[in-house]
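Working notes, structure below.
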Amino acid sequence: MPSAKDQVTRLLALVPYLQKRQDRPLREIAADFGLEPEQLRRDLQVLWMCGLPGLGPGDLIDLNFESFEDDPDGQVRIGNAEYLTRPLRLGSTEAAALTVALRTLRDSGGEAPRDVIDRVLDKIERAAADAGPAPVGAEERAVPDEIVGVRRALEAAISADRQVSITYFVPSRDEASARTVDPLAVFGHDGHTYLDAWCHLAQGRRTFRLDRIDAVTTLEATRARSDEPPLDLSDGLFSAGPDDVEVRLAVAPRARWVADYYPVTAVAESADGGLEVTLAASDERWLIRLVLGLAPHVRILAPASLATAVSDRARAALAHYER
């Protein structure tokens, strides 16, 4: 099942397509996009509610809705979407955020892409100058001083081939743990900066978000696992480990966002408009809190032990209220 990100990508392609090809049958449009007519109909129902701020009658995109609502051969016509053909301009805040991200990528990448990034940075900085001055301190707010200091300490340890001791906060357990790690690389992903390292406490490779590292101490010991291959991010940052628990959840339509927010391994449509999602996690306590937080819009399909653990936790919480 395609994610919301896939749907947004389709909608952005669908508008100019329809502007150039008015009055085409729904079935033909679906075939051009490799979709079933029903999926395209759902996309158009979302598009019908999109438009400019204000969301009044003159702001929303117009669609000839009745003609294709129940007929796959009904023709589709779009209007009031001309603004999507206009070239977009970066605001000063957007340009500042993009500049910070590119500079982070430049510092963490190899030599090969630097010339490309430098050219892009030059264009963005010139465009930002045309748009007006950025808010004072925008770049500093985008990358807090604490993270900059942690990053510099970790990169220095990598250059010196040293182990480090870190204090790391684990939100799923609401606790901080002290770990000795062999730092391998610092990289950015989805708006956060991470440390790729071999963790001696877990006896395995782990990633740590820099904004959750409270302290870094460089040790005298040299790294024992400095020859690990680069981290493969082709399938995303997180992947299921051999000891992870696989969980299948049935989520109601109101909780479909779960498939986009959490690293799920499989997604399937449900007859009621919801989803059946499969995800993997190493911490049962985190899973229990996740399910309780989604109630009543989620149902555990497997494993049965998780359903039992969630029921026990819910009954214990109710008992506290009764007392």
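Within the set of pairs 6+ apart or on separate chains, which have a first residue in the stretch 106-127 that is assigned to a helix (DSSP H, G or I) and exposed (fewer than 11 other Cβ atoms within 10 Å of the Cβ), a second that is hydrophobic (A, V, I, L, M, F, W, C) and at pLDDT 65 or above, and C-beta atoms under 8 Å apart?
Matching pairs, first to second residue: none at all.
Within the stretch 246-282, track down each residue that is open to solvent by less than 20 Å² (accessible area, probe 1.4 Å) and in a loop (DSSP other than H, G, I, E, B).
Matches in the stretch 246-282: Gly274 only.
Would you confirm, using the coordinates I've provided, whether Arg225 is at pLDDT 80 or above and part of a loop (DSSP other than H, G, I, E, B)?
It is true that Arg225 is at pLDDT 80 or above and part of a loop (DSSP other than H, G, I, E, B).
For the stretch 189-206, what are the residues that are open to solvent by 40 Å² or more (accessible area, probe 1.4 Å) and not in a loop (DSSP other than H, G, I, E, B)?
His189, His192, Arg205, Arg206
Only one of these is touching a helix residue (DSSP H, G or I) at 6+ places or on another chain (Cβ under 6 Å), assigned to a helix (DSSP H, G or I) and at pLDDT below 90: Arg289, Arg313. Name it.
Arg313
Out of the stretch 3-32, which residues are surrounded by 15 or more Cβ atoms within 10 Å (Cβ to Cβ) and within 26 Å of the chain's Cα centre (by Cα)?
Scanning the stretch 3-32 gives Gln7, Arg10, Leu11, Leu14, Val15.
If you scan the stretch 23-52, which residues turn out to be small (Gly, Ala, Ser), touching a residue at least 24 places away in the same chain (Cβ under 8 Å) and over 13 Å from Ile78 (Cα atoms)?
Within the stretch 23-52, just Ala30 meets the criteria.
Of these, Ala185, Ala142, Ala156, which one is more than 24 Å from Trp286 (Cα to Cα), at pLDDT below 85 and not basic (Lys, Arg)?
Ala142 is the lone residue from the list that is more than 24 Å from Trp286 (Cα to Cα), at pLDDT below 85 and not basic (Lys, Arg).
The values are calculated or read from the model by the stated rules, or taken from the named source; none is laboratory data. Since we're looking at a predicted model, the values are computed, not measured. FYI the Cβ positions are ideal-geometry reconstructions off the backbone, even for glycines, and counts take in every protein chain you see. Note: areas computed on protein heavy atoms with side chains; ligands, DNA, RNA excluded. Shrake-Rupley method; radii C 1.70, N 1.55, O 1.52, S 1.80 Å.
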